Amino acid sequence: MLSYRHAFHAGNFADVLKHSVLTLVLEYMTRKDKGYTYIDSHSGAGMYQLTEEYAQKTGEYKDGIAKLIDNPNIPEALEEYIDLIKSFNLKNESNHVQETQLNLYPGSPAVAKAFSRRQDSAHLFELHSTDIEHLTQFCERWSKSHVKQSDGYEGLLSLVPPPSRRGVILIDPPYELKEDYPKAVKTIIKAYKKFATGTYILWYPVVKRELVEKMKSNFTESHVKNVLQVELCIKEDTTEYGMTGTGLFIVNPPWLLKKQLEEILPYLKEILGQAQTTYTLTQLIDE
Ligand SMILES: C[S@@+](CC[C@H](N)C(=O)[O-])C[C@H]1O[C@@H](n2cnc3c(N)ncnc32)[C@H](O)[C@@H]1O
């Protein structure tokens with residue numbers, strides 16, 4: 001029984017980190033003319049209305065994207081992501097000044113769609129009966145997209161290696177079930193055996209530190225090479241319930257990504273953080 005709905009969390013600090021990294025990875029992929037395949041194992045609804053009930057109930061986006069959207073001192077590496085969010089939220093243009101009114105927040109499929117060219121394709125998996133409807137509708141006019149209501153772990157394994165041998169794979173489970181932590185890493189390890197040059201982005205929440213430590217050791221004990229780990233923890237780790245931080249494992253990151261994150265992370269700490277906020281950026285496994 002699935003109960004997770006991303007609409008409650010769209011645009012929160014974890015989405016900001018995840019989608020800014022996704023933006024940087026996809027921007028890098030489009031620097032070459034050759035097409036690439038994007039695989040989103042856990043896609044969600046595609047696009048979110050921040051003014052509607054779900055997002056308003058938690059208000060999480062107010063401590064995330066809302067704090068950044070009109071901030072004048074955006075670091076260069078974050079500009080593309082902020083411009084993308086703005087493009088969905090333009091109010092009007094007066095005297096050549098574009099005003100934004102935050103209403104829509106793009107999920108990972110919408111970020112991917114924004115970068116998709118004629119030569120690129122996308123495979124999107126989602127299980128929830130309502131979110132799959134929204135996602136299907138969202139992708140209706142995206143001709144190279146393939147939406148499926150089926151298990152994303154199995155789905156991604158069936159698609160690698162892509163014919164173009166260029167691919168970005170986002171794995172973004174809800175972690176409602178503890179099994180998602182080992183399953184996500186093990187799926188990457190399996191996929192890597194078939195497609196060792198793909199870029200894999202695995203998102204995780206910091207809820208229980210030992211679950212993240214276990215993911216790390218699953219990676220370091222595997223044959224997977226070149227893994228970058230980034231983490232932004234708004235609060236200190238706790239044994240109580242609740243997400244205190246967020247992170248990503250990125251396998252085969254574009255060579256520029258580490259430098260771009262070194263620029264972005266202090267800024268996110270300053271704008272989104274509190275006194276106890278920390279970040280880490282670690283080459284977990286060498287090339
Ligand atoms: C964190 S949300 C995805 C958010 C989205 N990737 C984004 O960044 O906008 C996780 C989604 O995975 C879906 N889901 C859960 N288990 C799944 C599975 N085994 N295969 C595909 N989708 C699944 C949930 O219904 C939920 O919509």
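Here are a few things to note about the model shown:
- Subset of the stretch 271-281 [of a type outside the set (Val, Ile, Thr), under 15 Å from VAL230 (Cβ atoms) and in a loop (DSSP other than H, G, I, E, B)]: GLY273
- Any hit, the stretch 79-101, residues being small (Gly, Ala, Ser), at pLDDT below 95 and within 14 Å of the ligand (Cβ to nearest atom): no
- Subset of the stretch 131-180 [under 13 Å from GLY198 (Cβ atoms), within 8 Å of the ligand (Cβ to nearest atom) and part of a loop (DSSP other than H, G, I, E, B)]: none
- Restricting VAL185, VAL224, VAL168, VAL160 to those that are buried (at least 21 other Cβ atoms within 10 Å of the Cβ), in contact with a Phe, Trp or Tyr (Cβ under 8 Å, 6 or more places away or on another chain), modelled with pLDDT of 95 or more and more than 28 Å from TYR48 (Cα to Cα) reduces the list to VAL224.
- Listed conditions (1) under 19 Å from GLU27 (Cβ atoms); (2) hydrophobic (A, V, I, L, M, F, W, C); (3) in a strand (DSSP E or B); (4) touching a residue at least 60 places away in the same chain (Cβ under 8 Å) are all met by LEU268, apart from (3).
Each row is one residue, and each column tells you yes or no for (1) free of Cβ contacts under 8 Å to residues at least 24 places away in the same chain; (2) not acidic (Asp, Glu).
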{"position": "LEU22", "(1), (2)": "no, yes"}
{"position": "ASP40", "(1), (2)": "no, no"}
{"position": "ILE69", "(1), (2)": "no, yes"}
{"position": "PRO72", "(1), (2)": "yes, yes"}
{"position": "LYS86", "(1), (2)": "yes, yes"}
{"position": "LEU90", "(1), (2)": "yes, yes"}
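- Test result for GLU79, surrounded by fewer than 17 Cβ atoms within 10 Å (Cβ to Cβ) and of a type in the set (D, E, K, R): yes
- Hits in the stretch 225-258 - residues which are of a type in the set (S, T, N, Q) and either under 25 Å from LYS193 (Cα atoms) or not in a strand (DSSP E or B) (or both): ASN226, GLN229, THR238, THR239, THR244, ASN252
- Checklist (1) in a loop (DSSP other than H, G, I, E, B); (2) within 9 Å of the ligand (Cβ to nearest atom) applied to LYS32, failing item: (2)
- Some residue of the stretch 9-29 being more than 12 Å from the ligand (Cβ to nearest atom), more than 16 Å from the chain's Cα centre (by Cα), surrounded by fewer than 21 Cβ atoms within 10 Å (Cβ to Cβ) and within 19 Å of ILE85 (Cβ to Cβ): no
- Within the set ILE82, ILE74, the sole residue that is in contact with a helix residue (DSSP H, G or I) (Cβ under 6 Å, 6 or more places away or on another chain) and either on the phi > 0 side of the Ramachandran plot or β-branched (Val, Ile, Thr) (or both) turns out to be ILE74.
- Selection from the stretch 94-130 of residues that are more than 22 Å from VAL21 (Cβ to Cβ) and crowded, with 19+ Cβ neighbours inside 10 Å: HIS128
The values are calculated or read from the model by the stated rules, or taken from the named source; none is laboratory data. Everything quoted here is computed from the prediction, not taken from an experiment. Neighbour counts run over all protein chains shown; Cβ positions are idealised from the backbone, glycine included.
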